[in-house]
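Take a look at the structure below.
The values are calculated or read from the model by the stated rules, or taken from the named source; none is laboratory data. The structure displayed is predicted, hence computed values, not measured ones. So basically every Cβ, Gly included, is an ideal-geometry build from the backbone, and we count neighbours across all protein chains shown. Side chains included, ligands, DNA and RNA excluded: accessible areas come from the protein's heavy atoms. Shrake-Rupley method; radii C 1.70, N 1.55, O 1.52, S 1.80 Å.
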Amino acid sequence: MDAEKSSNSSFEDLSNLNEADKADMKAASEALLDKERQAAKTAAGGGNDKEEVAGGEEANKATEDAEEEDVCDVLGNGQLVKRVVKKSKVNKRPQRGDKVTLNFTGKLDDGKVVEKQENFQVHVGDFEVIQGLDMVIPLMNVGEVAEVKVDPRFAYGSLGLKNDTDPELSIPPESKLTYEVHLVDTKYEDYSDLKSYDIRKKYGTRKKERANFWYNRSEYNTAIQLYRRALEYLDNRDGDPENEFDKEDIELSNNELQSLLDDRLIVYNNLAMAQIKISAFDAALQSVEHVLRCQPNNSKALYRKGRILEGKGDTKGAISLLQKAATLEPDNRTIQQDLAKLIIKARREEHNEKKMYQKMLGQANKLEQKNKQPQKQQTVESSKLKLLGYLMGSILIGVAGVAMYRYKY
């Protein structure tokens, strides 16, 4: 209220000034206003500079934070690093077992492209790509493009990868690889997606071939895992044609069932060999029995069962099986060589066994002789005592006779 009065009185005072004073006041007021505007402009300019500096720092920090968010050291040791190249507009990531579609390019440190795939389909976690990519794919969203740097340990390791088709694209041992990966799509497959013969045959064959790849690289545990995955897609009668195919609502002809069964027996044979390599003889025996239950004269299964029995210490049983396998495949040099080795081993074992028995028998004879020796000594000593008794008796008789003769005469 007081402020309003003061303001009104000022305006009133200004109204009572003459024209010259009003002109002077107006000029002074305009000059002061210009000065304030200039000061305000300067102040505003300085403020903008500070805001620009502060804004720049915040922008740089945000950029750095964004870059840090876009880079992920998956294992925390720099051996597997993922960097987002293009962000996805959706929040959808694949889970283990999902079928994903990928585009990817793999390069060596010198930039040479050694791997390239378009619309490549794999199941997450099934080692159908190198381990590094298999670990990174679940960290990507559909539509995302990422750069993935992979240490040799999680790529092709000390063996590298030989490309027989184009040797120029071979990957040298201990090579670090950089991939650009585009996750095109991911799909969870339920049972309705696996009802057809073609799908089951395709997936089963793909898993088997990838398992063979790992077996040839001496990665036996990985091969075993993929052989088991192959069996999940193939005929599940375990080599017994009397069992029914228990997948409901699936329509397969007899020829299709037989085809899947044949593939399954091949997988069981390969699985048994991988299990032999890691000395899992009991599991290997179960695998090979699935084959022999349906195909008793399968030479590969007989040979592998022989190897299993050898590993379990049954050399004679192993020889019997390898002899049967050699009869079925007389030109198979591997079977012939292993059979010869087993026969030599059996003879050596028999010789060592005889030697051991002889040694045991010899020790028993020595012990018996040792026990008899004191009895013999006792007999000798007894004989000596008897002889001495006879001598003493004779002497006493002689002395008595002499004494009696003297007494009489």
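Kindly flag which residue pairs out of Lys162/Lys208; Lys86/Lys208; Lys87/Lys107; Lys162/Lys324 have an alpha-carbon separation exceeding 29 Å in this structure.
Working: Lys162/Lys208 20 Å; Lys86/Lys208 35 Å; Lys87/Lys107 22 Å; Lys162/Lys324 37 Å.
Cα-Cα > 29 Å for Lys86/Lys208; Lys162/Lys324; rest within.
What does the charge count around Lys316 come to, taking other residues whose C-beta lies under 11 Å from its C-beta (Lys +1, Arg +1, Asp -1, Glu -1)? Don't skip to the end; give the middle numbers.
On the way: positive: Lys345; negative: Glu310, Asp314, Glu349, Glu350.
With Lys, Arg at +1 and Asp, Glu at -1, the neighbours total -3.
What does the charge count around Arg333 come to, taking other residues whose C-beta lies under 15 Å from its C-beta (Lys +1, Arg +1, Asp -1, Glu -1)? Kindly include the intermediate steps, with their values, before the conclusion.
On the way: positive: Lys300, Lys341; negative: Glu329, Asp331, Asp338.
It works out to a net charge of -1.
For Val184 and Gln95, what does the FRET efficiency come to when R0 = 25 Å and r is the distance between their Cβ atoms, rounded to the nearest 0.05? The partial results should precede the final answer.
Details: r = 16 Å, r/R0 = 0.66.
For R0 = 25 Å, the calculated efficiency reads 0.95.
Could you derive backbone 3J(HN,Hα) for the range 89-104 from the dihedral phi with the Karplus parameters 6.51, -1.76 and 1.60 (θ = phi - 60°), listing whole Hz in sequence and x where the residue is Gly or Pro?
8, 10, 10, 9, 10, x, 10, 4, x, 5, 8, 10, 10, 10, 10, 8
Given axes a ≥ b ≥ c from the Cα gyration tensor, I'd like to know whether the range 280-327 is rounded (a/c under 1.5), prolate (a/b larger than b/c) or oblate. Spell out each step's value before the answer.
Values: a/c = 2.48, a/b = 1.05, b/c = 2.37.
Oblate, because a/c is 1.5 or more while a/b does not exceed b/c.
In whole Hz, with x marking every Gly and Pro, tabulate ³J(HN,Hα) for the range 163-176 from phi via Karplus 6.51 cos²θ - 1.76 cosθ + 1.60, θ = phi - 60°.
Values, residue by residue: 9, 5, 5, 9, x, 5, 9, 5, 9, x, x, 6, 8, 7 Hz.
When N counts the residues of the range 103-260, how does its alpha-carbon radius of gyration compare numerically with 2.2 N^0.38 Å, as a ratio?
Working: Rg = 18.1 Å, N = 158, 2.2 N^0.38 = 15.1 Å.
Dividing the Cα radius of gyration by 2.2 N^0.38 Å gives 1.20.
Name the long-range amide H neighbours of Leu159: under 5 Å, sequence gap of 5 or more, or other chain; modelled H, no Pro or chain starts.
Under 5 Å from the amide H of Leu159: Glu174.
Quote the FRET efficiency, to the nearest 0.05, computed for Asp198 versus Ile278 with a Förster distance R0 of 45 Å and r equal to the Cβ-Cβ distance.
On the way: r = 34 Å, r/R0 = 0.75.
That pair, Asp198 with Ile278, gives E of 0.85.
How high is the FRET efficiency from Lys345 to Ser394, r the C-beta distance, R0 56 Å, rounded to 0.05? Write down the numbers at each step before the final one.
Working: r = 73 Å, r/R0 = 1.30.
For R0 = 56 Å, the calculated efficiency reads 0.15.
What does the extension gain come out to for Asn212 and Glu251, with contour length at 0.36 nm per residue minus their alpha carbon separation? Don't jump to the answer; show the numbers that get you there.
On the way: separation 39, 0.36 × 39 = 14.04 nm, distance 2.94 nm.
Residue separation times 0.36 nm, minus the Cα-Cα distance, leaves 11.1 nm.
Within the set of other residues whose C-beta is less than 14 Å from the C-beta of Lys187, count the net charge using Lys and Arg as +1 and Asp and Glu as -1. Before the final figure, lay out the partial values.
Numbers: positive: Lys92, Arg93, Arg96, Lys99; negative: Asp98, Asp185, Glu189, Asp190, Asp193.
Combined, the nearby Lys, Arg, Asp and Glu give -1.
Whole-Hz Karplus ³J(HN,Hα) for the range 221-234, in order, using 6.51 cos²θ - 1.76 cosθ + 1.60 and θ = phi - 60°, x for Gly and Pro?
Each residue's phi maps through the Karplus curve to give 5, 5, 4, 4, 4, 6, 4, 5, 5, 4, 5, 5, 9, 9 Hz.
Per q in 0.25, 0.33 1/Å, what log10 I(q)/I(0) does a Debye calculation on the alpha-carbon atoms of the range 67-112 return?
-1.26, -1.12
Please work out the average accessible area per residue across the range 303-343, using the 1.4 Å probe convention, and give it in Å². Write down the numbers at each step before the final one.
Working: 2290 Å² over 41 residues.
Ligands and nucleic acids excluded, the figure is 56 Å² per residue.
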